[in-house]
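The values are calculated or read from the model by the stated rules, or taken from the named source; none is laboratory data. Since the model is a prediction, treat every value here as computed from it, not as a measurement. Heads up, the Cβs are rebuilt from the backbone with ideal geometry, glycines too, and the neighbour counts pull from every protein chain shown. What goes into the accessible areas is simple: the full protein's heavy atoms, side chains included, and nothing from ligands, DNA or RNA. Shrake-Rupley method; radii C 1.70, N 1.55, O 1.52, S 1.80 Å.
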Amino acid sequence: MISDKLKNLILKELNLQEFEFSEDTLAKDVPGWDSLKNFTIILSIEEEFGIKFLTEEILSIKNVGDLQKLIDLKVNHN
Amino acid sequence: MKICFLSNYSIEFIFDNLRNKLKDINVETEIYYPGYNQFLQQIFNPQSELYNQKPDVIFLSIDVNYYLQNQIQLKSNPPISESSLNQIEQIFNSIEFVCKNLSSSTIFVDNFYLDSNLDLGTLEYNQFELDKFIESMNKRLFEISSSNKNIRVINLKRMINKHGQKNLFDFRLFYLAKSKWNKKGLEELSNLYLSHLKAYLGIRKKCIAVDLDNTLWGGIIGQDGIENIMLSNDGAGKSFYDFQNVLRNYYQQGIILTICSKNSENVVNEVFEKHPYMVLKPEHFAVMKINWNNKVENLIETAKELNIGIDSIVFLDDSKFERELVKKQLPEVEVPDLPDDPTQYVSFLKELDYFNFHKLTDDDFKRNETYKLNFERKKAETSFTDIKDYLRSLEMKIEIKEIDDFTFPRIIQLIQKTNQFNTTTKRYTDAEITKMRNSNEWKIYSFTVKDKFGDNGIVGVFILKYLLVKSAVEIDSFIMSCRVIGREIENAILHFIIKKAKASRIKTICAEIIPTAKNEPCRNVYKDFGFEEFENGKWKLEIDDKNFALPDYFELISL
């Protein structure tokens, strides 16, 4: 499940009205989500959730599901 | 406005941020970015997109640390490899090359800083000098900027010093995305670039209206008395003394200072006369509203007396009540929230992004004197019953001159910032004016006005477009500083234009009025002179069979 918080944050960063995210959604499936936006989204997530990713964690994210799992892990760990 | 970014790192992270900030101040931008690390190819190839696009502004954001990393070697001093030195040499060549070959663009260059990851620690300044080498690069940049008038240096190093590298950089991004700015870094970088763009566009405030009690000194003069207010050159009272010094610096830059205070004039005068640490004196203030009236009214009157828009005023007051009142009733006035602690006043004032200049002209230095003289003129005006007698008594001399290198900066300044007496409000850039100068079709003039009270400097610009096929000349722009409005100078200028036109056997003068929210003072200039409106906003005057007499209160000199 992709949380509304994450979904809204991505929509805001990409300037999108609506998009149906699933766990398998890849960045390239979402309009405007390029490598540049990738980092602005990561930085916004860190700010919004009060967490910090390691470089290798950033590299390990393959789809939106991975991203959500990583956020949940970090938030719970705090 | 067309902006081009040239960089050796991924500067595109900043684009959205900067674009939004420019949108907030109503500047539409088109950004051209040839891609990461393409700047040398773009600059040295005359066929490149860069020269094709001819952007108004180019940002050269070169981080020299990318050329220094892995090239530090402790065999020589500065401890940098030969190949790295060569690359740096090439950067300087490219800066000079682009300045020369794109003279129509304004080029903003970041100055250089040393990334603390390359720091030599305790060896620095004892055996090796890497930091000093960076300084020598910055000195070289300053020299280039002194000899090329289309380059502006951005003090990136100072911004980074102020906030600190640890707060601005994120090395995950450095390794993954070829840019090390974190969110705060991008925000500060964008603010810095915005300040420079504002200076370039002439977007700035003209006047600071200050309160007195708890603003220029601590305490309330009416209650505490002159010996008890906080103002000194030592201790807590020094914060007010320092604050006044910063305000005086703004005064020297040509920012108008005024007072807006609820107080009794005689009590305040005692402070001006007797307090040893009053840095600001009555002569620094163009208008002093010291009374018990509503501050909103006082600010409206201040704007009127100075002939400036109410939106050119920044209002500084410690009282939240007064600030909220002004914010609510005069939303155009800029009302920053002064910090509660006066020791923060100086840093707060310094951070306000309202007064950005790249170069101060003679006129900026002289502006406050002129306002003082205007005050005396106004006083003199009241002793005449007939305006013509008054104008005659001024002994005005108007000198009209075609544009040259010396008048160029002031002309650009007037074109970019004059709002009130500006018939068409066409904001021509350096580049466009340079192009017009080189064309036979256009003539650009500026004029100065002197009178018995003093010299007002360059106060106006008019641009003529010759339409020879129609045997007509068009007044494309007619701009005059608000300082000299109300003295019929516009009529003298029209006489000059007619005289010139007649000499070239031109029969018709055309002109246009494009109304804006602010240019009311010039709307009737053509109508009052006898032009005829042949289309909405378009005016013309047939001159061949008519004689026009210049009023006797002007002396017109054409240089």
Solvent-accessible area of B:Leu74, probe 1.4 Å, all protein chains present, reported in Å² to the nearest ten, please.
90 Å²
By the gyration tensor of its Cα atoms, with a ≥ b ≥ c the square roots of the eigenvalues, what is the shape of region B:324-471: rounded for a/c under 1.5, prolate for a/b over b/c, or oblate?
oblate
Of B:Lys54/B:Lys527; B:Lys397/B:Lys470; B:Lys21/B:Lys518; B:Lys184/B:Lys304; B:Lys183/B:Lys359, those spanning more than 29 Å from alpha-carbon to alpha-carbon:
B:Lys54/B:Lys527; B:Lys397/B:Lys470; B:Lys184/B:Lys304; B:Lys183/B:Lys359
Tilt relative to chain A, helix A:35-49 - C-alpha long axis, 0 to 90 degrees, to 10
50 degrees
With a 1.4 Å probe and all protein chains in place, put B:Arg158, B:Arg140 in order of accessible area, largest first.
B:Arg158, B:Arg140
Between region A:1-53 and region B:1-23, how many Å separate their Cα centres?
22 Å
Mind grabbing the accessible area of B:His196 for me, 1.4 Å probe, Å², rounded to tens?
30 Å²
Please check chain B for the longest run free of GluC sites (Glu not before Pro) that are loop-located per DSSP (anything but H, G, I, E, B) and have at most 16 other Cβ atoms within 10 Å.
B:29-226
Go through region B:192-207 residue by residue and turn each phi into a ³J(HN,Hα) via Karplus (6.51, -1.76, 1.60, θ = phi - 60°); whole Hz please, and just put x for glycine and proline.
5, 5, 4, 4, 5, 5, 5, 4, 5, 7, x, 8, 7, 7, 9, 9
Largest first, how would B:Met288, B:Met480 line up by accessible area (1.4 Å probe)?
B:Met288, B:Met480
Tally up the carbon and sulfur contribution to the accessible surface of the protein assembly as shown as a whole percent, 1.4 Å probe, everything protein left in place.
48 percent
Quick one: accessible surface of B:Trp539, probe radius 1.4 Å, all protein chains present, in square angstrom to the nearest 10.
30 Å²
Accessible area per residue of the protein assembly as shown at 1.4 Å probe, in Å²?
48 Å²
Could you derive backbone 3J(HN,Hα) for region B:300-307 from the dihedral phi with the Karplus parameters 6.51, -1.76 and 1.60 (θ = phi - 60°), listing whole Hz in sequence and x where the residue is Gly or Pro?
4, 5, 4, 4, 5, 5, 8, 6
The set of residues whose placed amide H lies less than 5 Å from the amide H of B:Ile107, leaving out same-chain residues fewer than 5 positions away, is B:Ile58, B:Ile151, B:Arg152
Which distance in Å, rounded to a whole number, links the C-alpha centroids of region B:164-225 and region B:100-120?
21 Å
With everything on Cα atoms, drop me the angle between helix A:64-77 and the longest principal axis of chain A, reported from 0 to 90° to the nearest 10.
30 degrees
Rounded to the nearest 500, what is the 222 nm mean residue ellipticity of chain B from helices alone, with -39500 (n - 2.57) per DSSP H run of 4+ residues and division by all residues?
-12000 deg cm²/dmol
Using the beta-carbon distance between B:Asn233 and B:Lys499 and R0 = 56 Å, what value does 1/(1 + (r/R0)^6) give for FRET efficiency, to the nearest 0.05?
0.45
If you take the accessible area of B alone, add that of A alone, and subtract the area of the pair, what total do you get in Å², probe 1.4 Å, to the nearest 100?
1100 Å²
Before anything else, pin down the relative contact order of region A:2-68: Cα pairs under 8 Å, at least 6 apart, normalised by residue count, whole percent.
45 percent
Residues in region A:42-71, backbone N under 20 Å from the label point at A:Asp24 (7 Å along the Cα-to-beta-carbon vector): list them, ranges by number please.
A:61-70
Contact order normalised by residue count of chain B, Cα under 8 Å, 6+ apart, percent
10 percent
In sequence order, calculated HN-Hα J values of region B:499-505 (Karplus, 6.51, -1.76, 1.60; Hz; x Gly/Pro)
4, 4, 5, 4, 4, 9, 6
Ordered by number, the residues of region A:32-48 that have at least 20 Å² less accessible area in the complete protein assembly than on their own chain alone (1.4 Å probe) are A:Leu36, A:Lys37, A:Phe39, A:Thr40, A:Leu43, A:Glu47
